[in-house]
Amino acid sequence: MSLLEVKNVSMFFGGLAAISNVSFSVQKGEILGLIGPNGAGKTTMFNVVNGFYNPTKGEVYFKDKKISGYKPYQICRLGIARTFQVVKPLQRMSVLDNVIASAFLRAKSRAQAEERAIETIKFAGLYDNRNVISKGLPLGKRKKLEIARALATQPEMILLDESFAGLNPSELDDSIGIIKKIKDRGITIMIIEHHMKVIMSISDRIVVLNYGEKIAEGTPYEIGSNPLVVEAYLGEAQDA
């Protein structure tokens, strides 16, 4: 069953096409990787899906409901949460209070929001840091906090924008474990990531963008052996 459908979406900024006639679907419960070189249109696509941009052409559907044109808070309330490539926590607030703020999307009381937030930071491995002011966290834990804030909204689907960027090998393994646990909870994931070993190991399917166009879609194996994808990342193949 398709949870999310992107249909013939184009996004123009002036005369520049950041996305051009892109279509794909995300199935309930899967991890879909969205990859491509820098400037391929990946984050622009996330911004279209979660309402920061209204597409110039095309439509986005979530659970068969057209959501293109909705505001980000409306889309979040429907069940799509996201993280950002540049992590921006509420810097003067503690880790716990950051997550409580997100939990209020659905919580009916402070007590309910705090209960949900504590459960979420335990899940993300941040309980020991719950009283730390967020601006004092190292990058790896700020990335976890970004994921925890999204999870506290109780989404059906989460968009992860380069959640592994800048992490050391130990933090990388830890974050991969969190992503797998999110999937085990039945939450659908769409992820942008440049770390190819990570994206190939966790994705069920992958969509590849280049210069705003979809150039490939398939399993990790199919994508890894696709000459168009190899050329997009490495340039034209050289004769031996």
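Exactly one condition in (1) in a helix (DSSP H, G or I); (2) farther than 17 Å from R82 by Cα; (3) not β-branched (V, I, T) is false for A150; which is it?
Among (1) in a helix (DSSP H, G or I); (2) farther than 17 Å from R82 by Cα; (3) not β-branched (V, I, T), A150 violates only (2).
Could you say which residue among E59, E115 is of a type in the set (D, E) and either under 20 Å from the mean Cα position of the chain (by Cα) or outside any helix (DSSP H, G or I) (or both)?
Every option except E59 fails the conditions.
Return a yes/no flag: does the stretch 79-92 have any residue that is touching a residue at least 60 places away in the same chain (Cβ under 8 Å), out of contact with any strand residue (DSSP E or B) (no Cβ under 7 Å at 6 or more places or on another chain), closer than 19 Å to A117 by Cα and outside any loop (DSSP other than H, G, I, E, B).
Taking every residue of the stretch 79-92 in turn, none turns out to be touching a residue at least 60 places away in the same chain (Cβ under 8 Å), out of contact with any strand residue (DSSP E or B) (no Cβ under 7 Å at 6 or more places or on another chain), closer than 19 Å to A117 by Cα and outside any loop (DSSP other than H, G, I, E, B).
In the stretch 1-28, how many are modelled with pLDDT of 95 or more and either not hydrophobic (A, V, I, L, M, F, W, C) or not assigned by TED's automatic domain parsing to the domain that holds K65 (or both)?
Selection size over the stretch 1-28: 10.
Out of all the residues in the stretch 171-198, which are surrounded by 13 or more Cβ atoms within 10 Å (Cβ to Cβ), modelled with pLDDT under 90 and over 17 Å from K143 (Cα atoms)?
Matches in the stretch 171-198: M196 only.
Let me spell it out: the conditions are (1) of a type in the set (A, V, I, L, M, F, W, C); (2) touching a strand residue (DSSP E or B) at 6+ places or on another chain (Cβ under 9 Å); (3) modelled with pLDDT under 95; (4) within 27 Å of T44 (Cβ to Cβ), and I133 meets all of them except one. Which number is the exception?
Among (1) of a type in the set (A, V, I, L, M, F, W, C); (2) touching a strand residue (DSSP E or B) at 6+ places or on another chain (Cβ under 9 Å); (3) modelled with pLDDT under 95; (4) within 27 Å of T44 (Cβ to Cβ), the lone unmet condition for I133 is (4).
The values are calculated or read from the model by the stated rules, or taken from the named source; none is laboratory data. Everything numeric here is computed off the predicted structure, so don't read it as measured data. Cβ: placed from backbone, ideal geometry, glycine included. Neighbour counts: every protein chain shown.
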